[in-house]
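Report on the following structure.
Read-outs: derived from the displayed coordinates by stated rules, not from any lab. Bear in mind the structure is a predicted one, so any value in this text is a computation, not a measurement. FYI the Cβ positions are ideal-geometry reconstructions off the backbone, even for glycines, and counts take in every protein chain you see.
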Amino acid sequence: MGRKSIDKSRKNITNKVNKWLEILLLNLQNKDIEKLTMDDFAILAKKSKSTIYSYFQSKEEILLAACKTKVDALSNSIFNIIEQDLETVELYELLVKTFAEGTSSISISFLQSVKKSYPTSWSIIEVFTDNYINLLREQYKTGIEKGIFNTISIDLMSQLDKIFVLQVVTNPDIFNDKEYSISELITQYLNLRLTGLLKK
């Protein structure tokens with residue numbers, strides 16, 4: 001039987017907690033999250049149940065924190081790239097590479113499960129995706145203005161990017177972990193986008 005949580009004040013999440021949340025997130029890949037208990041989460045995080053319950057009251061809370069830890073780390077990496085003085089194409093390619101590297105440990109089935117059953121955690125992923133696509137949108141605009149990219153509707157490209165990441169990649173009828181990975185799909189899609197954008 002899983003241990004029942006007791007209502008009490010929770011400890012603040014520290015960098016040390018983020019480290020084992022990263023371990024938990026990695027170990028959750030290809031697991032049936034809905035069938036897991038908080039006891040299972042403790043085992044996957046390599047922490048005692050008392051430690052888990054000192055920070056989180058439910059499975060939903062810890063999953064949200066784990067997703068946020070991953071998103072925050074990837075956001076920081078992307079922010080560091082934006083701060084560099086790079087040309088449009090080089091910046092675009094580095095944004096794609098960083099996204100691919102940052103999601104290399106995330107499985108398609110994990111995203112599909114979060115999208116289906118954990119809306120609060122999924123909203124964190126949606127917000128990050130929106131922010132990332134807005135960065136790509138800025139590169140589309142800059143590239144077109146500089147005459148590097150073909151003149152194509154920026155709104156159309158941005159909407160297609162969002163649909164691909166949030167709806168197509170996470171559709172279990174189209175993609176699965178046996179044949180694809182998140183990072184490979186995103187890289188191939190965005191590099192194909194860049195090939196079509198560049199003027200000959």
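General observations
- E60-Y180 FRET efficiency (beta carbon distance; Förster radius 25 Å; 0.05 resolution): 0.35
- Principal-axis tilt of helix 15-28 within the chain, Cα atoms, nearest 10 degrees: 80
- Dimensionless Rg ratio for the chain, taking C-alpha atoms and the 2.2 N^0.38 Å reference: 1.15
- With a Förster radius of 30 Å applied to the C-beta separation of E145 and Y189, the computed FRET efficiency comes to 0.80.
- Couplings 3J(HN,Hα) of segment 153-161, computed from phi: 4, 5, 4, 4, 5, 5, 5, 5, 4 Hz, in residue order, whole Hz [Karplus 6.51 cos²θ - 1.76 cosθ + 1.60, θ = phi - 60°; x for Gly and Pro].
- The chain: angle of helix 108-117 to the longest principal axis, Cα-based, in degrees nearest 10: 70
- The C-alpha atoms of the chain define a longest principal axis, and helix 119-145 lies at about 20 degrees to it.
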